[in-house]
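K.L.:
Take this structure first; my questions come after.
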Amino acid sequence: MTTARRRHNMPFGAELLADGRVHFRLWAPAARQVELCLWDLGTGAGPPRSILPMTAEPEGWFALSTDRAAPGTRYRFRIDGAMQVPDPASRFQPQDVHGASAVVDPAAWRWQDTDWRGRPWEQTVLYELHVGSFTPQGDFAGVQSKLDYLAALGVTAIELMPVADFHGERNWGYDGVYLFAPDSRYGAPDDLKALVDAAHARGLMVFLDVVYNHFGPEGNYLHVYAPDFFSQRHQTPWGAGINYDRAGRHWVRQFFIHNALYWLEEYHLDGLRLDAVHAIADASQLQILTELAERVHEAFGNDRQVHLVLENDHNASRYLHRDSRGQPLHYVAQWNDDIHHALHVLLTGESDGYYRDYTARPLHHLARCLAEGFAYQGEPSAYRDGTPRGEPSANLPATAFVSFLQNHDQVGNRAFGERISVLIEAAPLRAVLGLLLLAPSPPLLFMGQEWGCTEPFPFFCDFGPDLTDKVVAGRRNEFAHFPQFRDASARQRIPDPTDRHTFAAAVLDWQAQSKPQHRDWLELHRELLALRRRELVPRLTGARSLDGSCEEIGPTALSAGWVLGDGCELLVLANLGDEPVTGVAPPPGPLLYTTHPGRSGRTQHDCLPAWSVFWSLRPKADAT
């Protein structure tokens, strides 16, 4: 079998040279002197066996090539004869964020997926998972052991929550500080490569969540020797913003651009999801989001299919524009919080926090999401003190919007991390799944939802004693403005995110699948995803909404339609309420799916039953 070796060459970090030496390079514009400290294989503790001076180069760089290092060697940089720091571009941190970095030979892994060129975006069904809590093993090998199950489920892509090295034993991943190093709790670099290789062998894409808006609060030493990484003007909810637009920005921007290229090339990933880009402040003429996407498309556009996805609370549709051939200019899609929020309000009636913006007209917002992508396209947001939110999106295809009923945020941002399956009855949940999984927008499942998982997914982390009390207090104070948590004693019931039992509660119970009520949900997901793969996916390229086809047809009911790429019309009638809706004509065309199979594709006496969905697919010859 033909194998491949993959390496991304970077202007920083530790790089193996053809002659066997290792080239070390650090950008430290605030340092007067930098030395390389080396240890043999092991922990990197105790005095280094070698301390080698590095040569100062223009623009704040220090460099050294040496034959005293090899794969596995531990190293740190000593700044101005005092503080020893790990490599910010470390490929592996075996002893966590404060430990020595390890030299890695990225070409040591022999890839088996030499014929893999990715999959078209239209085939995408995402499955988001947290490596540490997805299986009892809590590592890359544990995820790999479930790949056959995921392929049989009908998903086409697994999306890993961030794996960049973070402090401690457990973390959601958004506190990463070594962005090129898979966290050692999950395995070594080759363990992640083995997972990707095995996924490709099963036809599964692998996406990675990356964080380019801040660094985690513990283990980041950049402020000591490269303060230009951070902006004095911009702050994020998680700390200092990244300097993308002020003096010294060039190498900062290159650091993050190369991080994206690194994961896509060296780990052969199929896509990245950029977390919370609304927290990236950049007044540059060429914004970092645009430059990064252009560099990625330039590197991979003619070789294989690579997909970039955004999380962007600003609903900035300009990043999702297509060219004349319908191909994304920069980003292929955005997570659509609007459709989740509208559905959540319809299902639960909750109105706290950002749900305020959807409480008055949730069905209207849902209908607009189905027809046009975003619900908020420039309208004022009450939750944001009347600030306009969003840009027009009706010109974009439905495939530009990732839809979901659960994800890590929408479960984990709740005080107790409850799943939707424990908040509502079965009939509403079945109806909404029947709507989302057959709509043209690519759906996303959150780990365990396919069997009606009841384990919570609360926020969890593991920091040192200096941060623990602050994190606990901060987490509980986030909910102080919610009516049920205004009393301090009520907030004390919110799980302590630093308690290991909080993390343990989130680990999936795979044995639960054997229980009848969970088997039913699993079979429903498999049925809907198989139907999507068979009937919709081949027709999604070129799909567009029917003009004026999405409308409210009752207080809780709507109809929507799309012209698919082959000219067929996909039509849906849905009643997302507790009462039947009368006076509704049956959907035209052959029945594709219904939550009420006894209706034979017809609404009984022009009546939509409570919590019902009817899908029909009208062939092109009839769609006139």
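The values are calculated or read from the model by the stated rules, or taken from the named source; none is laboratory data. Keep in mind that what you see is a predicted model, and the values were worked out from it rather than measured. In this analysis, Cβ positions are derived from the backbone assuming ideal geometry, glycine residues included, and neighbour counts consider all displayed protein chains.
K.L.:
Filter region 218-237 for residues that are within 22 Å of SER284 (Cβ to Cβ), surrounded by fewer than 18 Cβ atoms within 10 Å (Cβ to Cβ) and touching a residue at least 60 places away in the same chain (Cβ under 8 Å) and give the result.
P.N.:
Correct list: PRO227 only.
K.L.:
Here's another thing I want to ask about it. Right, GLU350: crowded, with 18+ Cβ neighbours inside 10 Å and not aliphatic (A, V, I, L, M) or not? Spell out how you get there, then give the answer.
P.N.:
On the way: crowded, with 18+ Cβ neighbours inside 10 Å: no; not aliphatic (A, V, I, L, M): yes.
It is false that GLU350 is crowded, with 18+ Cβ neighbours inside 10 Å and not aliphatic (A, V, I, L, M).
K.L.:
Within the bounds of region 255-267, is there any residue that is free of Cβ contacts under 8 Å to residues at least 12 places away in the same chain and out of contact with any Cys (no Cβ under 6 Å at 6 or more places or on another chain)?
P.N.:
Within region 255-267 (the criterion being free of Cβ contacts under 8 Å to residues at least 12 places away in the same chain and out of contact with any Cys (no Cβ under 6 Å at 6 or more places or on another chain)), the answer is no, since none of the residues qualifies.
K.L.:
Quick one: in region 61-92, of everything that is of a type in the set (Val, Ile, Thr) and not in a loop (DSSP other than H, G, I, E, B), which residue is surrounded by the fewest Cβ atoms within 10 Å (Cβ to Cβ)? Even if it seems obvious, please write down each step before you answer.
P.N.:
Taking region 61-92 and keeping what is of a type in the set (Val, Ile, Thr), we get 66, 73, 79, 85.
Those still in the list that are not in a loop (DSSP other than H, G, I, E, B) too: 66, 79, 85.
On the way: THR66: 18, ILE79: 22, VAL85: 23.
Across region 61-92, the extreme among qualifying residues is THR66.
K.L.:
Sort out which residues of region 321-356 are within 30 Å of ASN302 (Cα to Cα) and among the basic types (Lys, Arg), and write them in order of number.
P.N.:
Across region 321-356, the qualifying residues are ARG322, ARG325.
K.L.:
A follow-up question, please. Looking at PRO48 and the list (1) in a loop (DSSP other than H, G, I, E, B); (2) under 21 Å from PRO182 (Cα atoms), which single condition is not satisfied?
P.N.:
Looking at each condition in turn, PRO48 falls short on (2).
K.L.:
Here is a further query. Could you look through region 294-338, keep only residues that are under 30 Å from HIS365 (Cα atoms) and among the small types (Gly, Ala, Ser), and pick out the one that is farthest from the chain's Cα centre (by Cα)?
P.N.:
SER324
K.L.:
Suppose we filter region 416-440 for residues that are β-branched (Val, Ile, Thr) and surrounded by fewer than 21 Cβ atoms within 10 Å (Cβ to Cβ); how many remain?
P.N.:
Count: 2.
K.L.:
Please verify whether LEU445 is within 16 Å of LEU522 (Cα to Cα) and out of contact with any Gly (no Cβ under 9 Å at 6 or more places or on another chain), treating the condition exactly as stated.
P.N.:
Judged against the criteria, LEU445 is a match.
K.L.:
Here are some residues: GLN334, GLN285. Which one is on the phi < 0 side of the Ramachandran plot and in contact (Cβ under 8 Å) with a residue 12 or more places away in the chain?
P.N.:
GLN334
K.L.:
PHE12 - would you say it is touching a residue at least 24 places away in the same chain (Cβ under 8 Å), touching a Leu at 6+ places or on another chain (Cβ under 6 Å) and of a type in the set (Phe, Trp, Tyr)?
P.N.:
For PHE12, the condition - touching a residue at least 24 places away in the same chain (Cβ under 8 Å), touching a Leu at 6+ places or on another chain (Cβ under 6 Å) and of a type in the set (Phe, Trp, Tyr) - is not met.
K.L.:
Something else about it: Could you figure out which of (1) in a loop (DSSP other than H, G, I, E, B); (2) loosely packed, with under 15 Cβ neighbours inside 10 Å isn't true of GLU298?
P.N.:
Looking at each condition in turn, GLU298 falls short on (1).
K.L.:
Looking at this structure, is THR2 surrounded by fewer than 22 Cβ atoms within 10 Å (Cβ to Cβ), among the β-branched types (Val, Ile, Thr) and in contact (Cβ under 8 Å) with a residue 60 or more places away in the chain?
P.N.:
On the way: surrounded by fewer than 22 Cβ atoms within 10 Å (Cβ to Cβ): yes; among the β-branched types (Val, Ile, Thr): yes; in contact (Cβ under 8 Å) with a residue 60 or more places away in the chain: yes.
Answer is yes for this residue.
K.L.:
Another one. Counting just the residues of region 495-511 that are in a helix (DSSP H, G or I) and either on the phi > 0 side of the Ramachandran plot or crowded, with 17+ Cβ neighbours inside 10 Å (or both), which one comes out nearest to the chain's Cα centre (by Cα)?
P.N.:
Among them, the one singled out is PHE503.
K.L.:
Taking the stated definitions as given, is TRP615 more than 25 Å from LEU396 (Cβ to Cβ), modelled with pLDDT of 95 or more and in contact with a helix residue (DSSP H, G or I) (Cβ under 8 Å, 6 or more places away or on another chain)?
P.N.:
Taking the combined requirement at face value, the residue does not satisfy it.
K.L.:
Checking the structure you have, find out if any residue of region 444-466 is in contact with a helix residue (DSSP H, G or I) (Cβ under 9 Å, 6 or more places away or on another chain) and farther than 30 Å from ALA512 by Cα.
P.N.:
yes
K.L.:
Working only within region 110-140, note down all residues that are within 18 Å of the chain's Cα centre (by Cα) and among the polar types (S, T, N, Q).
P.N.:
Correct list: GLN123, THR124, SER133.
K.L.:
For region 331-344, does any single residue satisfy the condition of being touching a Ser or Thr at 6+ places or on another chain (Cβ under 9 Å), more than 30 Å from THR156 (Cβ to Cβ) and at pLDDT 95 or above?
P.N.:
Checked against the condition, which is being touching a Ser or Thr at 6+ places or on another chain (Cβ under 9 Å), more than 30 Å from THR156 (Cβ to Cβ) and at pLDDT 95 or above, region 331-344 yields no hits at all.
K.L.:
Select from region 93-117 the residues that are touching an Asp or Glu at 6+ places or on another chain (Cβ under 8 Å) and part of a loop (DSSP other than H, G, I, E, B) and list them in ascending order.
P.N.:
GLN93, ASP96, VAL97, TRP109, GLN112, ASP113, ARG117
K.L.:
List the strands (runs of 3 or more DSSP E) inside region 198-286, counting only whole elements, that have at least 1 residues being over 16 Å from the mean Cα position of the chain (by Cα).
P.N.:
Per the criteria, 230-236, 239-242.
K.L.:
Among the residues of region 30-44, how many are farther than 16 Å from MET83 by Cβ and surrounded by fewer than 21 Cβ atoms within 10 Å (Cβ to Cβ)?
P.N.:
Residues in region 30-44 being farther than 16 Å from MET83 by Cβ and surrounded by fewer than 21 Cβ atoms within 10 Å (Cβ to Cβ): 5 in total.
K.L.:
Mind counting the residues in region 1-32 that are aliphatic (A, V, I, L, M), under 31 Å from the mean Cα position of the chain (by Cα) and not in a loop (DSSP other than H, G, I, E, B)?
P.N.:
The total comes to 3.
K.L.:
Test each condition in (1) loosely packed, with under 14 Cβ neighbours inside 10 Å; (2) assigned to a loop (DSSP other than H, G, I, E, B) for GLN517 and report the one that comes out false.
P.N.:
Failed condition: (2).
K.L.:
Return the residues of region 235-284 that are farther than 18 Å from GLN305 by Cβ, at pLDDT 95 or above and among the hydroxyl-bearing types (Ser, Thr, Tyr); say none if nothing qualifies.
P.N.:
Listed by number, the residues that qualify are TYR244, TYR262.
K.L.:
Among the residues of region 302-319, is any of a type in the set (A, V, I, L, M, F, W, C), assigned to a helix (DSSP H, G or I) and surrounded by 17 or more Cβ atoms within 10 Å (Cβ to Cβ)?
P.N.:
No: region 302-319 contains no residue that is of a type in the set (A, V, I, L, M, F, W, C), assigned to a helix (DSSP H, G or I) and surrounded by 17 or more Cβ atoms within 10 Å (Cβ to Cβ).
K.L.:
Name the residue that is nearest to the chain's Cα centre (by Cα), counting only residues in region 151-169 that are within 19 Å of GLY448 (Cα to Cα) and part of a loop (DSSP other than H, G, I, E, B).
P.N.:
Top of the filtered list is MET161.
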